[in-house]
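Visitor: After the structure tokens below, expect a handful of questions from me.
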Amino acid sequence: MQGQGKTVIKVGLSTCGIAAGGYKTYEAITTAIKDNNIDLILKKTGCIGMCYLEPIVDVIAPDGTLFSYGAVDEDKGRRIVSEHIRGGRPLQDSLINNERESVVGGQVRIALRNCGIINPESLDEYRAAGGYDAVEKALRVMTPEQVIEEVLRSGLRGRGGAGFPTGLKWRFTRLNKGEQKYIVCNADEGDPGAFMDRSIIEGDPHAVIEGMLLAGYAVGASQGYIYARAEYPLAIVRLERAIKDAHAAGLLGENILGSAFNFNLKIKKGAGAFVCGEETALIASLEGERGMPRLKPPFPAEQGLWRKPTSINNVETFANVPWIILHGADKYAAYGTEKSKGTKVFALAGKMNRGGLIEVPMGITLREVIFGVGGGVRNQKKFKGVQLGGPSGGCIPESLLDTPVDYDSLTRTGAIMGSGGMIVMDETTCMVDMARYFLDFVQKESCGKCIHCRLGTKRMLEILTRMTEGKSAPEELELLEEIAYNVKEGALCGLGQTAPNPVLTTIQYFRDEYEAHIYDHRCPAKSCTELLTYTIDAELCNGCRRCVKRCPTEAIAGEKKKTHLIDQEKCIKCGNCADACKFEAVKVN
Amino acid sequence: MTASAKMLETGVIPREQIDEIIENYKGDPSAIIPILQDVQDQIGYVPRDGIAYLAEKLEVSPAKIYGIVTFYAQFRLQPMGKYIIMLCEGTACHVNGAKLISGAITDELKIRGGETTPDGLFTLEKVACIGCCSLSPVMVISGETYAKLTPETTRKIIKEYQNKDITAAVQN
């Protein structure tokens, strides 16, 4: 639905757009439109995925021509109105049409089909884009069994990370007897460095609701819950609005679209516990308990929320479902590999040139994702590794970059598909420190119920910390591996069982870095501050005092035009001096 | 006066306010997490006396409520500063130098994660991931996101908040 003969301006207002100053741009454009007295349509939209170019502003001419602008600040926003809209001269330097084509054009956007295109706060726009047609189709011409069959045939697997076939989960939930059944949407996206679910909810909340409706119809549930991360306030606001609008339009509640199907939806805000992404812990949290996992079986499909059959699926999984029902399983299954069908959304971050959100068909190689869509490593640095699947995943080295992105191939490398976080690291990232970072995270988030996770992660963290400080004993590497295998085997839930993955994969692929820390007390990436010394090369220093001014602890002494000296006692190794020096006189060892 | 300020002054928990929150959830003990979230939203934190009062009202043990409060990272047992600095320690921020930002904040304000400055102006909270990884490293102060930080810009931003507060005090 475009502007019916009017020009349309769209401003990307997801968390990433807003963080980059999107609201200020939106305000500036609003004022400029008023001042220039122009009749056009200004609206908000979600994230197109090119987060590194936010705030993004799209101008769509009445004839449908798209002009996409990147990094639009207030001034540029005003100029778009005065020069482009009013003067008819697009701002050539700021157009990102070509880049948009090279990034977005190579993608297959199914879960993200509406993100960055429609206004997420408008039910009308969602419907105009084919929204709720799948529910209509299912309710009119499909039995619940047929819906399950279609999803099963599409090959859709859980996009939260574990990759369990969605249709099978629904079938189990349907087959288990019970008057009351539940659908739960897991929107507790806790992996640090992953923001697929946030972006989908912020950019297309109705897609998630529609997916849940279809799930409810399929399994015979009349109540759904969305367990959303409290750290995502905008996502929650947009969901609340979408639920209200869907209710008012008769798409939620009793007798949906005149059928006998009833479905109600409630949002439950998480309270900040990573372990609640684990389904049994999530259930405990929904019931008002501490979010501690329990042993499976029984699986939630048998005894879930309030001990009733429950299907728990991830945000991205739900967002795929309406498309599958509408376009058919075959069309979805045409993408991907034999065992991993369809597409997957990835959040690209770290030392990546084009950080953001992408959706690609399964089976594409890591190299194509990182160096193709992602634009390669920032600042011409050398690629070192990519972390997939957050704290539960692993780190894949350059030699394995041609691994296809599918559940099974990734598992074979020691990493996992995970929820879709992809963090790229370059030569300045220390792998021992990365392992320490993830263990620190998992250790803080361990619920403490089982010994393997509670104590095992703690002991592993202590060893890794000693390594990054150059204080570990040679035999500790072996001990670290031994504990890692024990935790993997013995932990109660997914959090503990996968916690050793970052450690084991970095040892496997980057053993030399561990050895440099242990035997030489040296950090090859020059990242572990405890192992670094900053000195000034007297030959190269010309005494400009630039570093003296930048030092936060007054550790550098030296008069103008005389060689400066760093007081090692006072130095906190922040690296400011090396940044400040224009003559490369500050040496790091 | 805010509920929080009033409570700090009088030391008495606003019972009617808590009653109202419980009423919104029809006294359902399984709604304990949203009830605590509302209490914290309105009062600014979960006061210890409030836990005892909630336990009595909901007919559960104070230990259970305390267990929940301490399990979830969101709940706080102490009042917060006027400005809450949420520093992201997600993976992307970590590889892009969040440690240096944390160092700059600690150096500038002499507080670490979870602590509040003695003047009650700032609380530093370290969070796992805010979800704007491509703008890392980031921090959020009172809802405003600051992206692509360096130690210098971080110090500057903090000073701006300090100055803002001084200006506000003078104007009042």
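The values are calculated or read from the model by the stated rules, or taken from the named source; none is laboratory data. These numbers come from a predicted model, not from an experiment. Glycine gets a Cβ as well: all are built from the backbone with ideal geometry, and neighbour counts include every protein chain shown.
Visitor: Identify all residues within segment B:60-72 that are facing chain A (nearest Cβ under 8 Å) and assigned to a loop (DSSP other than H, G, I, E, B); write none if there are none.
Guide: Scanning segment B:60-72 gives a single hit, B:Tyr72.
Visitor: To continue, here is another question. Against the condition within 27 Å of A:Gly575 (Cβ to Cβ) and either touching a strand residue (DSSP E or B) at 6+ places or on another chain (Cβ under 6 Å) or surrounded by fewer than 22 Cβ atoms within 10 Å (Cβ to Cβ) (or both), how does B:Ala92 come out, does it pass?
Guide: Here the answer is yes, as B:Ala92 does meet what is asked.
Visitor: Moving on. Being facing chain A (nearest Cβ under 9 Å), of a type in the set (Phe, Trp, Tyr), surrounded by 15 or more Cβ atoms within 10 Å (Cβ to Cβ) and touching a helix residue (DSSP H, G or I) at 6+ places or on another chain (Cβ under 6 Å) is the requirement here; does B:Phe75 meet it?
Guide: So B:Phe75 fits the description; yes.
Visitor: Another question, then. If A:Ile243 meets every condition in (1) within 18 Å of A:Ser222 (Cα to Cα); (2) without any contact (Cβ under 8 Å) to a residue 40 or more places away in the chain; (3) outside any helix (DSSP H, G or I) apart from one, which number is that one?
Guide: For A:Ile243, the exception is condition (3).
Visitor: Kindly provide the set of residues from segment B:129-172 that are of a type in the set (Gly, Ala, Ser) and touching a strand residue (DSSP E or B) at 6+ places or on another chain (Cβ under 8 Å), ordered by number. Talk me through it step by step, then tell me what you get.
Guide: First, pick out the residues of segment B:129-172 that are of a type in the set (Gly, Ala, Ser): B:131, B:134, B:136, B:142-143, B:147, B:168-169.
Within segment B:129-172, B:Ser134, B:Ser136, B:Ser142 meet the criteria.
Visitor: Looking for whichever is without any contact (Cβ under 8 Å) to a residue 60 or more places away in the chain, in contact with a Lys or Arg (Cβ under 9 Å, 6 or more places away or on another chain) and either on the phi < 0 side of the Ramachandran plot or more than 14 Å from every other protein chain (Cβ to nearest Cβ) (or both) here; the options are A:Leu461, A:Leu455, A:Leu410. Which one fits?
Guide: On the way: A:Leu455 fails: in contact with a Lys or Arg (Cβ under 9 Å, 6 or more places away or on another chain); A:Leu410 fails: in contact with a Lys or Arg (Cβ under 9 Å, 6 or more places away or on another chain).
Within the list A:Leu461, A:Leu455, A:Leu410, the selection yields A:Leu461.
Visitor: Name the pairs whose Cβ atoms lie under 6 Å apart, with the first residue in segment B:18-47 and among the small types (Gly, Ala, Ser), the second surrounded by fewer than 21 Cβ atoms within 10 Å (Cβ to Cβ) and not in a loop (DSSP other than H, G, I, E, B), and 6 or more positions between them or separate chains?
Guide: Close Cβ pairs satisfying both conditions: B:Gly44/B:Ser4.
Visitor: Hand me the list of helices (runs of 4 or more DSSP H) wholly inside segment A:485-533 holding 1 or more residues that are more than 28 Å from the chain's Cα centre (by Cα) and assigned by TED's automatic domain parsing to the domain that holds A:Cys447.
Guide: Counting at least 1 such residues, we get A:511-519.
Visitor: On the given criteria, is A:Leu295 in a loop (DSSP other than H, G, I, E, B) and away from chain B (no Cβ under 14 Å)? Break it down stepwise before answering.
Guide: On the way: in a loop (DSSP other than H, G, I, E, B): yes; away from chain B (no Cβ under 14 Å): yes.
Yes; evaluated as a whole, the condition is true for this residue.
Visitor: Ok, one more. Quick check: is even one residue across segment A:270-290 away from chain B (no Cβ under 11 Å), touching a strand residue (DSSP E or B) at 6+ places or on another chain (Cβ under 6 Å), at pLDDT 95 or above and not in a helix (DSSP H, G or I)?
Guide: No: zero hits.
Visitor: Tell me the residue from B:Lys57, B:Lys26 that is more than 19 Å from the chain's Cα centre (by Cα) and either at the interface with another protein chain (Cβ under 9 Å from one of its Cβ atoms) or part of a helix (DSSP H, G or I) (or both), please. Outline the logic, then answer.
Guide: Numbers: B:Lys26 fails: either at the interface with another protein chain (Cβ under 9 Å from one of its Cβ atoms) or part of a helix (DSSP H, G or I) (or both).
Every option except B:Lys57 fails the conditions.
Visitor: Looking only at residues that are among the hydrophobic types (A, V, I, L, M, F, W, C) and touching a helix residue (DSSP H, G or I) at 6+ places or on another chain (Cβ under 9 Å) in segment A:73-103, which one is nearest to A:Gly49 (Cα to Cα)?
Guide: A:Val103
The rows are residues; the columns are (1) farther than 26 Å from A:Leu286 by Cα; (2) part of a loop (DSSP other than H, G, I, E, B); (3) within 14 Å of chain B (Cβ to nearest Cβ).
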{"site": "A:Ile117", "(1), (2), (3)": "yes, yes, no"}
{"site": "A:Ala134", "(1), (2), (3)": "yes, no, no"}
{"site": "A:Glu150", "(1), (2), (3)": "yes, no, no"}
{"site": "A:Asn186", "(1), (2), (3)": "no, no, no"}
